[in-house]
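Working notes for the structure below.
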Amino acid sequence: MTDALLPAAPQPLEKEDDGYFRKGCNPLAQTGRSKLQNQRAALNQQILKAVRMRTGAENLLKAATNQKVREQVRLELSFLNSDLQMLKEELEGLNISVGVYQSTEEAFTIPLIPLGLKETKDVDFSVVLKDFILEHYSEDSYLYEDEIADLMDLRQACRTPSRDEAGVELLMSYFIQLGFVESRFFPPTRQMGILFTWYDSLTGVPVSQQNLLLEKASILFNIGALYTQIGTRCNRQTEAGLQSTVDAFQRAAGVLNYLKETFTHTPSYDMSPAMLSVLVKMMLAQAQESTFEKICLSGIQNEFFVLVKVAQEAAKVGEVYRQLHTAMNQEPVKENIPYSWASLACVKAHHYEALAHYFTATLLIDHQLKPGSDEDHQEKCLSQLYDHMPEGMTPLATLKNVHQRQRLGKSHLCRAVTHHEESVREASLCKKLRNIEVLQEVLSAAHQRSRLKYTQLRDDYDLLSLIDVPDIISKTEREVEIIPPQFSKVTVTDFFQKLGPLSVFSANKRWTPPRSIHFTAEEGDLGFTLRGNSPVQVHFLDPYCSAAVAGAKEGDYIVSIQDVDCKWLTVSEVMKLLKSFGQNDIEMKVVSLLDATSSMHSKCATYSVGMQKTYSMICLATDDDDKTDKTKKISKKLSFLSWNTNKNRQKSASTLCLPSVGVRVAGPPVKKKLPSPFSLLTSDSSLY
């Protein structure tokens, strides 16, 4: 029932300096929580087996024609359904095992509900990522074995996060890392063949997808679940502990709300929009409850205005739990929400409504309006306590009339006793709640206090004189709110940053394989300029320089020079590196960005804005382009390269004589020639 180590793990293994475990993870910690999570994993496997057997039996029932076989299959199906129901009830028992997650300090408080972590199966990234690195990035995949191993180790560590901020940071770092992995290795139009399997935390049913979105959504859910476990672990006997509890549940609500708004089509039921909306309500209700406990922590003074405030705060908690209970009983959530959760929400709604009526009765019975009292303030407070005063009563008259105060106060006490009895009855109807001793003790003590006060004031004519009191208006000075996840506070380094800047080297873009360009700088002149910043591109390229003759093109990205990786170097750093070789031969590797449609067959049909574009339409468009090109004139522009005067004149003249696309001369037809870089040269210089 505590989070203490049962036996403690060896100390050297817990130290981050030894590099044995990641910070925020210790899979060898034998805590009550870890044992519960292991039971959850075992139950998930049993549920998976039962679901598969039931599916097989249902398929056999559909295919069988023999009546005797069908009867045997129906009998087997009834046993399987019974076993599956028992397993789900056992899983529900784990979901309501709140005692394991509570603070180790002795506390006379109603337990809070945490969420269990989703379980998953092992995933092997190595084969798929290695193949993609070789195919897409044209790099030696074995150079990235350590990075792939780090990714898999990080995922494994996220299966057993510690219940503290380090555990949250571990999960967040993996979530951010998944964003890098998705951009580098998961094209939006292609399945990578990696199957991710996660178990529903409420039903235990597995969900599998070849989609990284399921992995990201499940990690987000576990971040929210871990925040709830941190919140329940805080010491609710101190102000700092209660503030931490409120903060943790607000952050849990923020993560779950972010999950609901960002991942709207997750196949797992515990992450459906309807279920997440209920879970967000539950987190905020528990945060509001902890806020009320914080107000009452130092004791409640038996003073009129203090009691008014506390009564309305209690009514606020009762109201949010009443709304939560209503949401839990709506379709389609009702079928999968644990019955014990809905029962506890109902119990708390009645309990806090009873407290609101008890404090209202106390301020009416124990405090008389004396000479010198602030009548106006008391009248205002009493009028704001109700939607409307009981029939025949006014705030000021009630305050001045002792009989009316007693009558109204006893009516509130009677209402409080009724709510207490209802909360005790609801708790007794649920087997799981009956086994939570501290819950039974708190409900019983509150019930006895209200009954005792009512017994002291009761007389024989109460049944005739008591009135139907209105509900207390809920009001709070500390409204809880959703705190969105703050991923920016977690510093994460892309494991695969050696592949190059993500803005260019991603799964959405395609390049030619790296080409080796061997050239020399003639009289200190490279023959081209550079632009861009990580990675650097070849810019104004003289078509007669040695680099152009060797195969360099405008727009090429420089990936290495003399085996020095240049993907992360700036223009000045690349220029400095090139100049360092002087007149020596330079080997430069470059890649060219391919058009998104370059891999498509030229004769395939395409679709544009919902209309089919056939091969004949493509040819027609090409002919139109040719006609348009005939009207174009070659504009003469001087080279921007700093050559010597003789070279500059000679090369500029030869360049301007090159024909542009679509230009035809008189006589027999000639083949089209590729456009000269200088014929299309503008101030922005389009990529070649």
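Within the stretch 225-234, is there a residue that is at pLDDT 90 or above and open to solvent by 30 Å² or more (accessible area, probe 1.4 Å)?
Checking the stretch 225-234: not a single residue is at pLDDT 90 or above and open to solvent by 30 Å² or more (accessible area, probe 1.4 Å).
Does the stretch 235-273 hold any residues that are surrounded by 18 or more Cβ atoms within 10 Å (Cβ to Cβ) and over 25 Å from Trp198 (Cα atoms), and which are they?
Initial filter on the stretch 235-273 (surrounded by 18 or more Cβ atoms within 10 Å (Cβ to Cβ)): 236, 241-242, 244-260, 263, 266, 268-272.
Those that are surrounded by 18 or more Cβ atoms within 10 Å (Cβ to Cβ) and over 25 Å from Trp198 (Cα atoms): Arg236, Gly241, Leu242, Ser244, Thr245, Val246, Asp247, Gln250.
Output the residues belonging to the stretch 112-130 that are part of a helix (DSSP H, G or I) and either at pLDDT below 90 or in contact with a Ser or Thr (Cβ under 7 Å, 6 or more places away or on another chain) (or both). Quick ask: steps written out before the conclusion?
Filtering the stretch 112-130 down to residues part of a helix (DSSP H, G or I) leaves 126-130.
Within the stretch 112-130, just Lys130 meets the criteria.
Out of the residues in the stretch 299-321 meeting the condition of being closer than 17 Å to Ile110 by Cα and of a type in the set (Val, Ile, Thr), tell me which one is least open to solvent (accessible area, probe 1.4 Å).
The residue in question is Val317.
Within the stretch 115-149, take every residue that is open to solvent by less than 60 Å² (accessible area, probe 1.4 Å) and among the acidic types (Asp, Glu) and give me the one that is nearest to Thr245 (Cα to Cα).
So the first thing to find is which residues in the stretch 115-149 are open to solvent by less than 60 Å² (accessible area, probe 1.4 Å), and the list is 115-120, 123, 125-126, 128-130, 132-133, 136-139, 141, 144, 147-149.
Then drop every residue that is not among the acidic types (Asp, Glu), which leaves 119, 139, 147.
Working: Glu119: 25, Glu139: 49, Glu147: 37 Å.
By that ranking, first place goes to Glu119.
Can you go through Ala285, Ala311, Ala342 and tell me which one is in contact with a strand residue (DSSP E or B) (Cβ under 6 Å, 6 or more places away or on another chain), part of a helix (DSSP H, G or I) and of a type in the set (A, V, I, L, M)?
Working: Ala285 fails: in contact with a strand residue (DSSP E or B) (Cβ under 6 Å, 6 or more places away or on another chain); Ala342 fails: in contact with a strand residue (DSSP E or B) (Cβ under 6 Å, 6 or more places away or on another chain).
Result: Ala311 is the single residue among Ala285, Ala311, Ala342 that is in contact with a strand residue (DSSP E or B) (Cβ under 6 Å, 6 or more places away or on another chain), part of a helix (DSSP H, G or I) and of a type in the set (A, V, I, L, M).
Just need a number here: residues in the stretch 169-221 that are β-branched (Val, Ile, Thr), surrounded by 17 or more Cβ atoms within 10 Å (Cβ to Cβ) and over 12 Å from the mean Cα position of the chain (by Cα).
Of the residues in that region, 6 qualify.
Only residues in the stretch 236-250 that are free of Cβ contacts under 8 Å to residues at least 60 places away in the same chain and over 21 Å from Glu169 (Cα atoms) count as the first member; pair them with residues that are in a helix (DSSP H, G or I) and open to solvent by 60 Å² or more (accessible area, probe 1.4 Å), Cβ under 8 angstrom, at least 6 apart or cross-chain, and list the lot.
From the stretch 236-250, no pairs qualify.
Restricting attention to the stretch 515-543, which residues are closer than 10 Å to Glu554 by Cα and assigned to a strand (DSSP E or B)?
Residues satisfying the conditions are Phe528, Thr529, Leu530, Gln537, Val538, His539, Phe540, Leu541.
Can you tell me which residue is most open to solvent (accessible area, probe 1.4 Å) among those in the stretch 439-471 that are modelled with pLDDT under 90 and touching a Ser or Thr at 6+ places or on another chain (Cβ under 8 Å)?
Per the stated criteria, the residue is Asp468.
Yes or no: Leu256 in a helix (DSSP H, G or I), modelled with pLDDT of 90 or more, farther than 27 Å from Ile337 by Cα and in contact with a helix residue (DSSP H, G or I) (Cβ under 6 Å, 6 or more places away or on another chain)?
Values: in a helix (DSSP H, G or I): yes; modelled with pLDDT of 90 or more: yes; farther than 27 Å from Ile337 by Cα: no; in contact with a helix residue (DSSP H, G or I) (Cβ under 6 Å, 6 or more places away or on another chain): yes.
So Leu256 does not fit the description; no.
Restricting attention to the stretch 373-418, and to residues there that are of a type in the set (Val, Ile, Thr) and in a helix (DSSP H, G or I), which single residue is surrounded by the most Cβ atoms within 10 Å (Cβ to Cβ)?
Once the filter is applied, the top-ranked residue is Thr398.
Just a yes or no: is a residue in the stretch 360-372 touching a strand residue (DSSP E or B) at 6+ places or on another chain (Cβ under 9 Å), under 22 Å from Arg458 (Cβ atoms), assigned to a helix (DSSP H, G or I) and modelled with pLDDT of 90 or more?
Filtering the stretch 360-372 for residues touching a strand residue (DSSP E or B) at 6+ places or on another chain (Cβ under 9 Å) gives 360.
Now narrow it down to the ones that are under 22 Å from Arg458 (Cβ atoms): 360.
The next check asks that each one be assigned to a helix (DSSP H, G or I); those that pass are 360.
From the residues that got through so far, the ones that are modelled with pLDDT of 90 or more too are 360.
Checked the stretch 360-372: at least one residue is touching a strand residue (DSSP E or B) at 6+ places or on another chain (Cβ under 9 Å), under 22 Å from Arg458 (Cβ atoms), assigned to a helix (DSSP H, G or I) and modelled with pLDDT of 90 or more.
For Phe175, only one of the following conditions fails: (1) under 17 Å from Ala252 (Cα atoms); (2) free of Cβ contacts under 8 Å to residues at least 40 places away in the same chain; (3) of a type in the set (Phe, Trp, Tyr). What is its number?
It fails just one condition, (2).
Within the set of pairs 6 or more residues apart or between chains, which connect a residue that is more than 14 Å from Val538 (Cα to Cα) inside the stretch 511-525 to a residue that is loosely packed, with under 14 Cβ neighbours inside 10 Å and modelled with pLDDT under 80 with Cβ atoms less than 7 Å apart?
Pairs found: Thr520/Gln583; Ala521/Gln583.
For residues that are at pLDDT 90 or above and either open to solvent by 20 Å² or more (accessible area, probe 1.4 Å) or part of a loop (DSSP other than H, G, I, E, B) (or both), scanning just the stretch 328-339, find the one that is farthest from Leu443 (Cα to Cα).
Gln330
From the list Val574, Val559, pick out the single residue that is in a helix (DSSP H, G or I) and either touching a Cys at 6+ places or on another chain (Cβ under 8 Å) or open to solvent by 40 Å² or more (accessible area, probe 1.4 Å) (or both).
On the way: Val559 fails: in a helix (DSSP H, G or I).
Going through Val574, Val559 in turn, the sole match is Val574.
Between Glu426, Glu421, which is assigned to a helix (DSSP H, G or I), under 30 Å from Ser343 (Cα atoms) and either of a type in the set (S, T, N, Q) or open to solvent by less than 40 Å² (accessible area, probe 1.4 Å) (or both)?
On the way: Glu421 fails: either of a type in the set (S, T, N, Q) or open to solvent by less than 40 Å² (accessible area, probe 1.4 Å) (or both).
Going through Glu426, Glu421 in turn, the sole match is Glu426.
Taking Ala57 as the residue in question, decide whether it is under 26 Å from Trp198 (Cα atoms), at pLDDT 80 or above and open to solvent by less than 70 Å² (accessible area, probe 1.4 Å). Walk me through how you get there before you give the answer.
Numbers: under 26 Å from Trp198 (Cα atoms): yes; at pLDDT 80 or above: yes; open to solvent by less than 70 Å² (accessible area, probe 1.4 Å): yes.
Yes; evaluated as a whole, the condition is true for this residue.
The values are calculated or read from the model by the stated rules, or taken from the named source; none is laboratory data. Since the structure is predicted, the reported quantities are computational estimates derived from the model, not experimental observations. Virtual Cβ from ideal backbone geometry, glycine too; neighbours counted across all protein chains shown. Surface areas here come from the heavy atoms of the whole protein model, side chains and all, with no ligands, DNA or RNA. Shrake-Rupley method; radii C 1.70, N 1.55, O 1.52, S 1.80 Å.
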